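Peer 1: Take a look at this one; I'll ask things after.
The values are calculated or read from the model by the stated rules, or taken from the named source; none is laboratory data. What you are looking at is a predicted structure, and each value in this text was computed from that prediction instead of being measured. Neighbour counts run over all protein chains shown; Cβ positions are idealised from the backbone, glycine included. The area values use the complete protein model at the heavy-atom level, side chains included, leaving out ligands, DNA and RNA. Shrake-Rupley method; radii C 1.70, N 1.55, O 1.52, S 1.80 Å.
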Amino acid sequence: MTGATREQRGTGSGRFRRFLERLSSSEEDLRSAELREEAEDTGCTRIAECGDRDMVRVTGTLRTVTLRPRAGVPTLEAELFDGSAPLDVVWLGRRSIAGIEPGRKLIVWGRITTSHGRPAMFNPKYELRPLGQE
């Protein structure tokens, strides 16, 4: 075999390897990669790159939405995931918000803090992504 043939073979096997990796990746891994790309495309910061007390704008998909009272005050909590890390989004004094439901994409902006060892954002400004982009 000549050197050129080996290089061509190496290139082909690299493409084949990437193809096999994509086929063998779990659906969750592929979805996480899509969400990370979307965060870059919208100009938002990845959640994993956010520091405590930073003012940020992040985007992702709501995994869970829960009504959980805090000190007798109704509190709507949601977990936003952008493919890099989860973010707890908390609206104090709210029992529900129209459009805030699991599986919905949104952009939130505000100040990141740490609550119970996890990044959180309290009473953020938010923008629901159009349903056609889901």
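Peer 1: I'd like to verify a number: residues in the stretch 47-65 that are within 24 Å of GLU27 (Cβ to Cβ) and open to solvent by 20 Å² or more (accessible area, probe 1.4 Å), how many?
Peer 2: 5
Peer 1: Give the residue that is modelled with the highest pLDDT, with candidates limited to residues of the stretch 30-43 that are within 13 Å of PHE81 (Cβ to Cβ) and open to solvent by less than 90 Å² (accessible area, probe 1.4 Å). Steps first, please.
Peer 2: Start the filter on the stretch 30-43 by keeping residues that are within 13 Å of PHE81 (Cβ to Cβ), which leaves 31-36, 38-39.
Next, from what is left, pick out any that are open to solvent by less than 90 Å² (accessible area, probe 1.4 Å): 31-33, 35-36, 38-39.
Working: ARG31: 69, SER32: 64, ALA33: 66, LEU35: 65, ARG36: 66, GLU38: 74, ALA39: 69.
Among them, the one singled out is GLU38.
Yes/no per residue for (1) within 22 Å of MET55 (Cβ to Cβ); (2) surrounded by 12 or more Cβ atoms within 10 Å (Cβ to Cβ); (3) of a type outside the set (Ser, Thr, Tyr):
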| site | (1), (2), (3) |
| --- | --- |
| PRO74 | no, yes, yes |
| GLY103 | no, no, yes |
| ALA120 | yes, yes, yes |
| LYS125 | yes, no, yes |
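Peer 1: Next up: Does the stretch 79-86 contain any residue that is out of contact with any Asp or Glu (no Cβ under 6 Å at 6 or more places or on another chain), at negative phi and open to solvent by 50 Å² or more (accessible area, probe 1.4 Å)?
Peer 2: no
Peer 1: Here's a check for you: in the stretch 91-134, which residue that is under 22 Å from GLU37 (Cβ atoms) and part of a loop (DSSP other than H, G, I, E, B) is farthest from the chain's Cα centre (by Cα)?
Peer 2: Restricting to residues being under 22 Å from GLU37 (Cβ atoms) and part of a loop (DSSP other than H, G, I, E, B), the top hit is PRO130.
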